[in-house]
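Input: a single structure, listed below in structure tokens.
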Amino acid sequence: MLTLMNTLISRLALFLLIVCAQLTRAGENIWTTDGPYGASILAIAIQPIDQSTIIIGSVEHGIYKSTDAGENWRHIESDIMPVSLREIVHHSLSPNTIYACAEGGVFKSTDGGETWYDVSPPGRSGREFRAIVLDPLHPHVILTGGVDDRWKSTDSGQSWAEFSIDPEWPGGPDHEIDGLAVDPVNTNNVYLITSDAEFGKGVYKSTDQGDNWFCIHSNSDSSGGGTDVVVDWANPEIVYYARFDDLRVSGGHCLSKSTDGGGSWFDISPSNLSVWGVFAICVSPWDHNTVFAGTANDGVLKSTDGGDSWSQANTGLNSLVCESFAADFQNHIIYLGLYMDGIYKSIDRANTWRKISQNILGAGLNCLAFVRGSPPRVLATGHMGCYSWSPGGEGWQHIDLGAPLTIRPGAIEVDRDAPSQIYISSYSTSYPLSAPCGLHISTDGGANWAFFNGGLPLDQSFSCMAISYVSNRGRRIFMTAALDWLPSAGIYFSDDTGRGWNRCTNGLPALSYFVLAVAPANPNVVAAAAYNGRIYSSIDMGGSWFSSSNLIWRAIDLEFSPLNDSVLYVSSLSTGIFESTDLGGTWTNITNDLPVDPYVVIYGPAINPHNPQNMYVSSNHHGVYETRDGGQHWTSYNPGIDTARCIGRIFLAPHDTSYLYLATANRSVWSIHRTLTDAVEDDTNLPQSVTLSAYPNPFNARTRIWYTLPQDGNIKIAIYNELGQRLAILFNGPQVGGEHSLTWDATRFPSGTYFTQLQGATGRQTLKMTLVK
């Protein structure tokens, strides 16, 4: 598994982490975050009078407001409003009155979005409302709907009456309202789309403000679920109806057009989409024949002839999954909401886009890594791409790996022995793949990238990665193939820095593996958590594999003890944390007082390398928890963090465990600096002298040699026998000050006494070791 403790083992790394902690404004004993910026933006609402005032709704972090056309955003704190928004609309005559529907109800603000109160229709709490519209001429009339909900209000949400869409199709098998649109000229005409296109019940129309409805699906393609419906502002007889076909049965049909108010339809779907889906439609404010389609995986497509032909309009975008549009009719500006990547803006008719997600904190991250250099940098990967932070820079900056935007970065690791070398695995957002996935490598700290996939299956995405450092210069890189339904699923390895790859077999089934780890104490020991719930382990660097003796239901994460290659920790879905002291042979539940409930997802543990009894986990329901006694007791460690939403992988800063980082799946990167009174006591300062130790000692076959250097310099570490004969050189070259470790494999040597000698500019240290077989 990727861990920060494996990325940098040096004094310069300590300096970098301190700098980065300042950059990310790590709070003293409180979690804080300042990026990367992004979120999934499903709702964009422009104020009808002052169109520089915009309200957006995110899936991950509620509502944000801008008063300068999106250049800066401020989060609206609310105890009432849910965090996951679906749609937002302004009152046409009183623009400070705003309605929002969300996963949790319908809400109203009368002060421009600053405060909100619940105006949900009657029924159970927690319902998902997906669509809401106001009659622009009679804005006290509201229609809203979602999953099994269809409601109308004629008094601005004070009371509601349920309406029926199709009496002959009561509720349908799934009847979910996915979109609503009002004719801007004859506001009695309202259009409604559902999830029932496959039954010929995808589009409905009302001519009396939603009191009665009739199906107008007619000759529209009967596949997929509705995603958007838009009425042309210049000619309301023109209606656009978008769909998403996740089962790929429509032959690519995902966008229809009507020129007679829904009486009949014809297909205008863009050709050659990698995913058959259009999530959003926008009729341009300068020419109603210019139409934009926000696709499920191909970015923005533009048509200047009402949908007869399409061309890409993706210049400036960092990702391609579109979710929403909004148009500023006064200034001819188009706004675009993307999945995980926040909001973009175009002022030149979509010829170019610029990201304007400042202060929007809902990005999803996979991993973190640190790069030494001048200046040093922090790297983060996620669906939104790869981002870098450097001291004195302008926040988190996007890094172009040179891959198509349908290829996204997965795991990231900085080489332990060559810190300017960075590895990133990649996965595809579509299947079949539009481009191959594999390993991206930079040898200059991330400035330039090369791509390698020789020997890898061309139909696979790759997610997890781990590196076995065989020697000072040799390494074996492992990657997991993520698409479990393909025969090519499994684990692959490379012994030539990614140039060529082979598949791990010999006991390892062709499955999808959630996570992969190499034991820090022994590069030969590897473990992986499989989709079937088993843990598969290898003690010969992936040459052969054996499975755990019993099932750990849906393992989510795993980690080795930094000192013992037989000690393995696993977190799981809904069942807690488990420890094995025999590499998966038997398991002990160490959940104890860690909160666990149905559907809780736990990541971790992240283990303190100086004190393995000190561990951290995070969960989607309860946030971060800490143990200082190896899991016997767990305590909440959530000062300043949203425990209900912040879940992700925790990283302890190498050689300064008072700094913790949390790369969340939906709330950007968080960090905390524990002061000395709060931190677990361990020796994390730069050493004042050379030290040399080994664990275990006495040992059987392998031992981990630990050494500290007070300054940078050239060193040599060698092994001698009792006769003074040199048996091996473990390291010979320059190394920065700090704490380091390496493994001596004495399998081929007989039992006896041996000596490790460390020689450097500051002197010589010798350690006696006993090999017992």
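The values are calculated or read from the model by the stated rules, or taken from the named source; none is laboratory data. All values derive from a computational prediction rather than experimental measurement. Note that each Cβ is placed from the backbone with ideal geometry, even for glycine, and that neighbours are counted across all protein chains shown.
Hey, any hits in segment 647-666 for a residue that's surrounded by fewer than 18 Cβ atoms within 10 Å (Cβ to Cβ) and either over 23 Å from Phe514 (Cα atoms) or in the same structural domain as Phe514 (by TED's automatic domain parsing) (or both)?
Taking segment 647-666 first, the residues surrounded by fewer than 18 Cβ atoms within 10 Å (Cβ to Cβ) are none.
Within segment 647-666 (the criterion being surrounded by fewer than 18 Cβ atoms within 10 Å (Cβ to Cβ) and either over 23 Å from Phe514 (Cα atoms) or in the same structural domain as Phe514 (by TED's automatic domain parsing) (or both)), the answer is no, since none of the residues qualifies.
In segment 127-140, the residues that are assigned by TED's automatic domain parsing to the domain that holds Ala102 and acidic (Asp, Glu) form Cβ pairs under 6 Å with partners that are part of a strand (DSSP E or B) and crowded, with 18+ Cβ neighbours inside 10 Å, at six or more places apart or across chains, as follows: Glu128/Gly146. Take the conditions at pLDDT below 80, over 19 Å from Val83 (Cβ atoms) and not small (Gly, Ala, Ser) and apply them to Glu626. Does it pass? No: the conditions fail for Glu626. Only one of the numbered conditions (1) under 46 Å from the mean Cα position of the chain (by Cα); (2) assigned to a loop (DSSP other than H, G, I, E, B); (3) surrounded by 16 or more Cβ atoms within 10 Å (Cβ to Cβ); (4) not small (Gly, Ala, Ser) is violated by Glu739, and that is (2). Considering only residues in segment 390-429 that are within 16 Å of the chain's Cα centre (by Cα) and in a loop (DSSP other than H, G, I, E, B), the one that is modelled with the lowest pLDDT turns out to be Trp396.
Per the listing Ala403, Ala363, Ala418, Ala411, the residue uniquely farther than 18 Å from Glu60 by Cβ and in contact (Cβ under 8 Å) with a residue 60 or more places away in the chain is Ala411.
The listed residues are Val185, Val229, and the only one of them that is surrounded by 21 or more Cβ atoms within 10 Å (Cβ to Cβ) and either assigned by TED's automatic domain parsing to the domain that holds Lys302 or not in a strand (DSSP E or B) (or both) turns out to be Val229. Filtering segment 45-66 for residues that are surrounded by fewer than 19 Cβ atoms within 10 Å (Cβ to Cβ), farther than 18 Å from Leu134 by Cβ, assigned by TED's automatic domain parsing to the domain that holds Ile333 and of a type in the set (Val, Ile, Thr) leaves an empty set. Considering every residue within segment 279-290, establish whether at least one is in contact (Cβ under 8 Å) with a residue 60 or more places away in the chain, within 25 Å of the chain's Cα centre (by Cα) and either more than 23 Å from Val203 (Cα to Cα) or not assigned by TED's automatic domain parsing to the domain that holds Met340 (or both). No, that holds for no residue. If only residues of segment 201-210 that are at pLDDT 95 or above and of a type in the set (D, E, K, R) are counted, the one that is nearest to Asp166 (Cα to Cα) is Lys205.
Among residues of segment 298-316 being under 16 Å from Ile333 (Cβ atoms) and among the aliphatic types (A, V, I, L, M), the one that is surrounded by the most Cβ atoms within 10 Å (Cβ to Cβ) is Val300.
Go over the candidates Ala363, Ala350, Ala313, Ala327 one by one and state the one that is over 23 Å from Asp68 (Cα atoms) and either of a type in the set (A, V, I, L, M, F, W, C) or in the same structural domain as Asn72 (by TED's automatic domain parsing) (or both).
Working: Ala363 fails: over 23 Å from Asp68 (Cα atoms); Ala350 fails: over 23 Å from Asp68 (Cα atoms); Ala327 fails: over 23 Å from Asp68 (Cα atoms).
Only one candidate qualifies: Ala313.
The residue of segment 176-230 that is nearest to Glu128 (Cα to Cα), among those that are out of contact with any Leu (no Cβ under 9 Å at 6 or more places or on another chain) and of a type in the set (Gly, Ala, Ser), is Ser195.
Show me the strands (runs of 3 or more DSSP E) found entirely inside segment 74-115 where at least 1 residues are surrounded by fewer than 21 Cβ atoms within 10 Å (Cβ to Cβ), more than 28 Å from the chain's Cα centre (by Cα) and in the same structural domain as His140 (by TED's automatic domain parsing).
Details: elements: 85-90, 98-102, 105-109.
Answer list for segment 74-115: 105-109.
Note on segment 745-761: residues that are within 12 Å of Glu722 (Cα to Cα) and hydrophobic (A, V, I, L, M, F, W, C) total 1. When restricted to residues that are β-branched (Val, Ile, Thr) and at pLDDT 85 or above, segment 695-710 contains 2. Comparison of Ala327, Ala363 shows that the only residue that is outside any loop (DSSP other than H, G, I, E, B) and aliphatic (A, V, I, L, M) is Ala327.
Based on what the data block shows, is Pro523 out of contact with any helix residue (DSSP H, G or I) (no Cβ under 7 Å at 6 or more places or on another chain) and either closer than 19 Å to Ser463 by Cβ or surrounded by 16 or more Cβ atoms within 10 Å (Cβ to Cβ) (or both)?
Numbers: out of contact with any helix residue (DSSP H, G or I) (no Cβ under 7 Å at 6 or more places or on another chain): yes; either closer than 19 Å to Ser463 by Cβ or surrounded by 16 or more Cβ atoms within 10 Å (Cβ to Cβ) (or both): yes.
Criteria met by Pro523.
Rundown of residues vs (1) at pLDDT 95 or above; (2) of a type in the set (A, V, I, L, M, F, W, C); (3) in contact with a Lys or Arg (Cβ under 9 Å, 6 or more places away or on another chain); (4) buried (at least 21 other Cβ atoms within 10 Å of the Cβ), yes/no style:
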site: Phe199; (1), (2), (3), (4): no, yes, no, no
site: Ile238; (1), (2), (3), (4): yes, yes, yes, yes
site: Thr259; (1), (2), (3), (4): yes, no, no, no
site: Ser271; (1), (2), (3), (4): no, no, no, no
site: Ser284; (1), (2), (3), (4): yes, no, yes, yes
site: Ala296; (1), (2), (3), (4): no, yes, no, yes
